[in-house]
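Below you'll find the structure, written out as structure tokens, and then a few comments.
The values are calculated or read from the model by the stated rules, or taken from the named source; none is laboratory data. Model, not experiment: these values are computed from the prediction. Counting neighbours? That spans all protein chains shown, and the Cβs are built from the backbone with ideal geometry, glycine included.
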Amino acid sequence: MIHKGVKPDNKAYTCLIHGYCSSGQGKEVVRMLKEMSAHGHHPDVVTCSSLLDYHCKNGRCTEARKIFDYMIEKGTKPNVTAYNTLLNGYATKGALSDMHGLLDLMAGNDISPDHYTVNTVLWAYAKGDMIDEAMHIFDQMRQQGLSLNEVSYGAIIDALCKFGRVDEAMLKFNQMINEGVTPGIVVFSSLVYGLCTVGKWDKAEELFSEMLSQGIHPDATFFTRIMHNLCNGGRVTEAQSLVDLMSGKFSEAQELYLNMIKSGMQLDIYTYNIILNGLCKNSCVDEAFKIFQSLCSKGFQLHILTFTIMIDALLKSGRKEDAMDMFTAISTHGLVPDVMTYGLMIENLIKEGLLEESDNLYLAMEKSGCTPNSCMLNALVRRLLHQGEVMRVGAYLSKIDEMNFSLEASTTSLLISVFSREEYQHQMMSLPKKYHFLVDAKKRGLFQRNWILNCVETSLCDP
DNA sequence: TTGTAACCAT
């Protein structure tokens, strides 16, 4: 066009800018803008919105704001879409004060918010854990008759579920149905997740069935949210309940996610870790192993946790050779074992009676720069006690003391029960000094429950 | 000639 001597007009520039924005060619956008301005053209409100969106999507709200202010300076009045775009940029970043400032400006310029505006603000609050503010916006929307879609309901329901306010979330769910808004996967996903985490298994299952009967299939997010609980080590009882739930009441879920994998649904390593762990914990190690191998053959980038999950499962199902192979394969995937991986392997060597090897692996771990944690050292002490290897316990107890860790309750009680046995009495002195009271206690016949609890509290757990 | 949104994270 230019070569033929035709001067591009506003329309031509605008068209090009939109193209460059949507294909992410920022440099070209800037070049076009400069050229445009040099020819005396100015982008209109729609083009500016494209630019705003372009910058916001790349996390550059400050840049976006410059364009917004430039727009006003040049006399181009931002419309509701322009405001919404920038508001969304702020909301995504969690820049709530900037968002509030822009809302004030919007009100000052008599631009009425639409359902995009309110949803964006509602989402920003939900994301920022400002649940009551979100609820307030939600009620305002309803009062003002602004359209409430699945998105609006989804945002509020999810936020309520995250905070365990599942009863309120269920009220919103019923409300949306009464208003003729059809819940989709997001709403079901949030509610089933929420119900599971508060232990309302029956209700969760009921809702899951309802979801399936409506032809809504669980997606990766759904499984991630539900199965996340399987890995939630800190809440053993709830995790166990979920294992039961998944293997029993949620048998449809198991089938469905296997089908999903077969149908080529894209899952990331995060989801795979959870699925592999879920399968392993439900005695489906073979199935998990197959998935693991297919991931390897596809060249999928694995995480050390993927190996740890598999090694744990293989060891627990007695496949020690496979576990060993997997441990040695870690480095060929460009990964290094972490404290959990080493812990499992060392514990297994102790279990096998290969004490030299276990010591060597422990040293290798330290040499590799991997620091033992409290959980691992406690597990090793317990394993040694279980195997009757009391002479080796002292070294690990010393490490626990050196690193200012505490004995876990299960370790303490095992220690007491093992050393109260006659056969181990004479080995008590191999323990660090602070544990010698166990001998005195035995001699004085003080092994009453309260006394032990007192010792545990004052001496062991709080050194 | 053209523009705007959400849920999971070992």
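You will find that of A:Asp167, A:Asp158, A:Asp139, A:Asp202, the residue that is closer than 29 Å to A:Leu102 by Cβ, acidic (Asp, Glu) and surrounded by fewer than 20 Cβ atoms within 10 Å (Cβ to Cβ) is A:Asp139 and no other. The residue list A:Ala64, A:Ala82 contains one member that is under 31 Å from the mean Cα position of the chain (by Cα) and surrounded by 13 or more Cβ atoms within 10 Å (Cβ to Cβ), which is A:Ala64. Just one of the numbered conditions (1) within 28 Å of the chain's Cα centre (by Cα); (2) within 23 Å of A:Val336 (Cβ to Cβ); (3) surrounded by 18 or more Cβ atoms within 10 Å (Cβ to Cβ) is not true of A:Gly369: (3). Here A:Thr47 fits the description: polar (S, T, N, Q), over 32 Å from the mean Cα position of the chain (by Cα) and over 29 Å from A:Gln144 (Cα atoms). Number of residues in the range A:122-132 that are more than 10 Å from DNA strand B (Cβ to nearest atom) and crowded, with 19+ Cβ neighbours inside 10 Å: the value is 1. Is the range A:78-85 home to any residue that is in contact with a helix residue (DSSP H, G or I) (Cβ under 6 Å, 6 or more places away or on another chain), of a type outside the set (S, T, N, Q) and away from DNA strand B (no atom under 11 Å from the Cβ)? No, the range A:78-85 contains no residue that is in contact with a helix residue (DSSP H, G or I) (Cβ under 6 Å, 6 or more places away or on another chain), of a type outside the set (S, T, N, Q) and away from DNA strand B (no atom under 11 Å from the Cβ). If only one of A:Gly94, A:Gly154 is on the phi > 0 side of the Ramachandran plot, touching a residue at least 24 places away in the same chain (Cβ under 8 Å) and in contact with a helix residue (DSSP H, G or I) (Cβ under 8 Å, 6 or more places away or on another chain), which one is it? Exactly one residue qualifies, and that residue is A:Gly94. Those helices (runs of 4 or more DSSP H) of the range A:133-248 in which at least 3 residues are modelled with pLDDT of 85 or more, within 15 Å of DNA strand B (Cβ to nearest atom) and not assigned by TED's automatic domain parsing to the domain that holds A:Leu276, considering only elements entirely within it, cover A:150-162, A:166-178, A:185-197.
Among the listed residues A:Leu407, A:Leu385, identify the single one that is at pLDDT 90 or above, under 18 Å from A:Asp359 (Cβ atoms) and of a type in the set (A, V, I, L, M, F, W, C).
On the way: A:Leu407 fails: under 18 Å from A:Asp359 (Cβ atoms).
Residue meeting the stated conditions: A:Leu385.
Considering each residue of the range A:415-427 in turn, none proves to be closer than 21 Å to A:Leu354 by Cβ, in the same structural domain as A:Glu357 (by TED's automatic domain parsing) and acidic (Asp, Glu).
Within the range A:292-315, the set of residues being surrounded by 15 or more Cβ atoms within 10 Å (Cβ to Cβ), at pLDDT 90 or above and over 18 Å from the mean Cα position of the chain (by Cα) comprises A:Phe292, A:Phe307, A:Met310, A:Ile311, A:Asp312, A:Ala313, A:Leu314, A:Leu315.
Annotation note: Cβ proximity below 7 Å between a residue of the range A:117-131 that is under 16 Å from A:Ala169 (Cα atoms) and a residue that is within 10 Å of DNA strand B (Cβ to nearest atom) and charged (D, E, K, R) (sequence gap 6+ or interchain) occurs for A:Ala126/A:Asp158.
The listed residues are A:Met71, A:Met141, and the only one of them that is hydrophobic (A, V, I, L, M, F, W, C) and touching a Pro at 6+ places or on another chain (Cβ under 7 Å) turns out to be A:Met71.
So which pairs qualify, if the first residue must be in the range A:37-58 and under 23 Å from A:Tyr90 (Cα atoms), the second must be near DNA strand B (Cβ under 6 Å from one of its atoms) and among the hydrophobic types (A, V, I, L, M, F, W, C), the Cβ gap must be under 8 Å, and the two must be at least 6 apart or on different chains? Pairs found: A:Val45/A:Ala82; A:Cys48/A:Ala82; A:Ser49/A:Ala82; A:Leu52/A:Ala82.
Conditions (1) within 21 Å of A:Lys93 (Cα to Cα); (2) not aromatic (Phe, Trp, Tyr), marked per residue:
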| residue | (1), (2) |
| --- | --- |
| A:Ile111 | no, yes |
| A:Ala124 | yes, yes |
| A:Lys127 | yes, yes |
| A:Met130 | yes, yes |
| A:Gln140 | no, yes |
| A:Gln143 | no, yes |
| A:Tyr153 | no, no |
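Yes or no, residue by residue, for (1) among the aliphatic types (A, V, I, L, M); (2) under 25 Å from the mean Cα position of the chain (by Cα):
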residue	(1), (2)
A:Cys161	no, yes
A:Ala169	yes, yes
A:Phe173	no, yes
A:Gly180	no, no
A:Phe188	no, yes
A:Glu205	no, yes
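Only one of the listed residues (A:Leu377, A:Leu415) is surrounded by 17 or more Cβ atoms within 10 Å (Cβ to Cβ), at pLDDT 95 or above and touching a Phe, Trp or Tyr at 6+ places or on another chain (Cβ under 8 Å). That residue is A:Leu377.
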